[in-house]
Amino acid sequence: MDFTFTEEQQAATEAARAVFSGAAPDGVPSPALVPGAVAEDIDRPLWAGLAGGDLLSLTLLQEHGGAGLDLVALCLVLRESARVLARVPLLETCAVAMALQRYGDPGLAAELLPRVGRGELILTVGANGRTGHDPAERAVTARREAPASNRPGEGLGDGPGNADGDAAGWVLDGVQSGVPWAQAADWIAVPAHTGEGRAVVALIRPTHDGVTLAEQVSTSGELFAEVRLDSVRIDSRALIDTVGAWQWLRALLITGTCALALGLGEAVLTMTSEYTGKREQFGFPVATFQAVAVQAADRYIDLRAMEVTLWQAAWRISTGAGGALPAEGDIAVAKIWASDGVRRVVQTAQHLHGGFGADTDYPLHRFHAWAKQIELSLGPAAAHEEALGDLLAAHLLG
């Protein structure tokens, strides 16, 4: 198996490093020291830098002003973003844009995607459902409604509409919790289910009639939102009802989260290596003690396992290559390693730093909070172990 990156993918990594070189994990108040969110908005200068470096358009087709690269390239950029705890909805925006490009209305894609690539629009997605434990699409219902012309005095709100304004619409009801940076977003992708139980994805504006945002604060201290939908009407252009679209979008989000876990874990192990190389006990750096070296080596093995399973999952999604199990199996394995691995890495880092790791003037505690957020996002390891077990039961290997 060859994981050598292409020249384009390597160029994307270098561009990301250049943009993120100016970002600092301690650019906002510590989540341990503020009662609410660490900030009311995303890092706008960094977002502008990503747009200026053509990193927001990385996976868009040339017809939308993009470079036409794949999920592997996006994961390389996400990996770099997590090294500095970049406070930008890079994963959410790019994943929703990729889904709109692949499955959405071509006219709506042509209208929105070039602006996404230029950094003019922010996209996010509600992937946690009502509680974070049930399938996200079960938290919202989507039912068809007659064309606007058949409903005197009613329109379709401020959602995208057809030129004649007469398209059959959809009505959405339900709640999605823990939506990242929803207050900063221009569009929110909301998974829902129809009366037949089919999963669909609706694109709505936070300002749309019937949409209410309630502030929530993530484990990492970022401003999230509970998005409540009360008879929200959209037209058919704003709803992606292709079979498998939501599952594909969720796969992008899970794999991207694995990339974030890898980048964060690598940054934490580097911090730990530097600290234990300087911290002395009994006249020797603690890094030379066998107990310290063994623990660091175990975490290095975790990171390499996280890396190889990440690229396997991203490669399966990008190429559509077959295997003994569906791609969902590789995605589940990657998330299992990402969730368990990033937790072990930050726990070991805290142990080897001693009390210094909890010092709010030192950035390690921020990485610990972000690691816990990433570990549980889109399901902890146990949830994906259960999904993997179901796949193995349905696809007997022999």
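The values are calculated or read from the model by the stated rules, or taken from the named source; none is laboratory data. Just so it is clear, the structure is predicted and the values come from calculations on it, not from any experiment. Methodologically, a virtual Cβ is constructed for each residue, glycine included, from the backbone with ideal geometry; neighbour enumeration extends over all protein chains shown. With ligands, DNA and RNA removed, areas are computed over all heavy atoms of the protein, side chains included. Shrake-Rupley method; radii C 1.70, N 1.55, O 1.52, S 1.80 Å.
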If a residue has to be within 17 Å of residue 80 (Cβ to Cβ) and either acidic (Asp, Glu) or more than 19 Å from the chain's Cα centre (by Cα) (or both) to count, how many in region 24-44 make the cut? 3
Among the residues that make up region 110-117, is at least one of them out of contact with any Lys or Arg (no Cβ under 6 Å at 6 or more places or on another chain) and in a loop (DSSP other than H, G, I, E, B)? no
Given the conditions (1) over 12 Å from the mean Cα position of the chain (by Cα); (2) without any contact (Cβ under 8 Å) to a residue 40 or more places away in the chain, every one holds for residue 112 apart from (2)
Residues (open to solvent by 30 Å² or more (accessible area, probe 1.4 Å) and either part of a helix (DSSP H, G or I) or in contact (Cβ under 8 Å) with a residue 24 or more places away in the chain (or both)) located in region 301-324: 301, 304, 307, 308, 312, 315, 318, 319, 324
If you check residue 132 against the conditions, is it under 15 Å from the mean Cα position of the chain (by Cα) and at positive phi? yes
Pairs with Cβ under 8 Å, 6+ apart, first in region 216-228 and hydroxyl-bearing (Ser, Thr, Tyr), second in a strand (DSSP E or B): 218/178; 218/180; 218/224
Need the failing condition index for residue 216 against (1) modelled with pLDDT under 95; (2) in contact with a strand residue (DSSP E or B) (Cβ under 6 Å, 6 or more places away or on another chain); (3) of a type outside the set (Gly, Ala, Ser); (4) over 28 Å from residue 244 (Cα atoms), just the number. (1)
Hey, any hits in region 374-389 for a residue that's touching a strand residue (DSSP E or B) at 6+ places or on another chain (Cβ under 9 Å) and surrounded by 14 or more Cβ atoms within 10 Å (Cβ to Cβ)? yes
Are any residues in region 346-373 open to solvent by less than 30 Å² (accessible area, probe 1.4 Å), more than 21 Å from residue 285 (Cβ to Cβ) and of a type in the set (A, V, I, L, M, F, W, C), and if so, which ones? 346, 367, 369, 371
Scan region 217-256 for residues that are open to solvent by less than 10 Å² (accessible area, probe 1.4 Å), among the hydrophobic types (A, V, I, L, M, F, W, C) and not in a strand (DSSP E or B) and jot them down. 238, 245, 246, 249, 252, 253, 254
